[in-house]
Amino acid sequence: MSGPERYRVVAVEPDERFRTRLTIQLAGLAPAPFESLEALLEQLGGDDPMVVVFGPGLANDTGLAHAQRLTRTHPMAGIVLLAEELTLPLLQQALRSGVRDAIGLEADDATLRQAVERVGDAIATIATRSVGTEGARRGRVIVAFSTKGGVGKSVVATNTASSLASKGQRVVIVDSDLQFGDVAVLLSVPPLHTTVEAAGAIAGADTQLMEGLLATHELSGLRVLPAPVEPSAADQITAQEMVGIVQLLRTMFDFIVIDLPPHFDDVVVALLEEADDVLLVASMDIPSIKNLKVGIQTLDLLALAGSKIRLVLNRANAKVNLDIGDVERALGVPADFRVPSDISVPQAVNRGIPVVLDKPKSPAGAALHAIADSFLVSDAESSDPEPRRRTWRRPE
Ligand SMILES: Nc1ncnc2c1ncn2[C@@H]1O[C@H](COP(=O)(O)OP(=O)(O)OP(=O)(O)O)[C@@H](O)[C@H]1O
Ligand SMILES: [Mg+2]
């Protein structure tokens, strides 16, 4: 099916001249013009996939507040913002408001069309998946894991989660580093309630209680279950309870992203088994790769999580004489994602804002958005009766 049959295109712009111009620019996609979001909302029926082009008259605080409302209430609406001048602060604010792409007015017709088609295809693919799984909501569990500390697990987990949330998905991040978890710090969310209280909600499968315990990351809409504030509280939570929490969250969210601790214990094994996807994070230095290789072998990680593993090479451009092919051979796992070493990451960490929202177009920000996007696409494909199968070799 071609674009316009899979999704509708509408253009919202108060100024009549711009509105007409937009209609002409997007002529092949038959856009329906609206002078305000209210006018559009009046006509919005079900939740059909739709690309909403916001004209330059909406490239301001009020327009972006509307964008945020629209993406929260209509997850099947993908917004493309057209701005007279696309500044970095505006772009950041737009992405935080759930806008999927933003372009400057100087862009040519083809660029605008491509942006609309890209967003439309993504939305339509997600819509197909939603129809297939209606009634049996079962969120996808993604864990970030490594056998070594400090390689970027929490950066990958918090950014993947916030990126998915900023794109209208219902996402919760769980900090399962019960002793030294720092997800709440990375997101600047005060840890009012933690996994200790959440364990109390699982007995009665009490989704309302769980809902009330989750903090909210205002910038992205991401929900957060932080680690206990007292490291000693870690002993109060069993692997079974942790899995119970995750299973309850599966009934409430599209994605459950879990940040794992750098060691291996019952909780970690249970969560690796429960996971649908394991983001195995390695940083590009010899100790990290060596540690990971030994870790994979001793844990028999491939037997435990084999086809679920996706290797994330962090700091992939660091100035070390390591070849990506050598790393793949050593680990017996192909590299799925590469996140470059980028000053924007520690800067964002210090500001307590995920880099995907703070500097979305920085090299690391873009690479982390790409990790999240891969779940949106492959999630849609997973309704396929023949799920993605990959074979893994034992490390050399
Ligand atoms: N791509 C990157 N470029 C630059 N700095 C990075 C990058 N990824 C991570 N860092 C830096 O490395 C630090 C450690 O990252 P992070 O906290 O995510 O590691 P971790 O694996 O979760 O550590 P731990 O094992 O302690 O939980 C971060 O504070 C961040 O500033
Ligand atoms: Mg961490």
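With the simple spin-label model, which puts each label point 7 Å out from Cα in the Cβ direction, the GLN240 to GLU211 separation comes to 2.9 nm. Basic side chains Lys and Arg get +1 at the Cβ, acidic Asp and Glu get -1 at the Cβ, and with that the dipole of segment 3-133 about its Cα centre reaches some 440 debye. For LEU44, what charge total do you get from the other residues with a beta carbon under 13 Å from its beta carbon, if Lys and Arg give +1 and Asp and Glu give -1? Residues close to LEU44 contribute a combined charge of -2. Let me know the number of lysine pairs in the chain closer than 27 Å at the Cα, not counting same-chain pairs under 8 apart. The number of close lysine pairs in the chain is 21. Computed from the C-alpha gyration tensor, the three semi-axes of the ellipsoid equivalent to the chain are 37, 24, 20 Å, from longest to shortest. Taking amide H atoms as placed 1.01 Å from N in the peptide plane, the amide H of ALA102 lies under 5 Å from those of LEU81, each 5 or more residues away in sequence or on another chain. With neighbours defined as other Cβ atoms within 10 Å of a residue's Cβ, the residues THR195, THR73 order from fewest to most as THR73, THR195. Beta bridges from DSSP with both residues in the chain: antiparallel share about 5 percent, rounded to the nearest 5. Distant-in-sequence amide contacts of ALA316, defined by a placed amide H-H separation under 5 Å and a gap of 5 or more residues or a different chain, comprise VAL339, SER341.
Coordinate-derived values only; no laboratory data. Remember, predicted model here, so these are calculated numbers, not experimental data. Don't worry about glycine lacking a Cβ; one is built from the backbone with ideal geometry, like all the others, and counts go over all protein chains shown.
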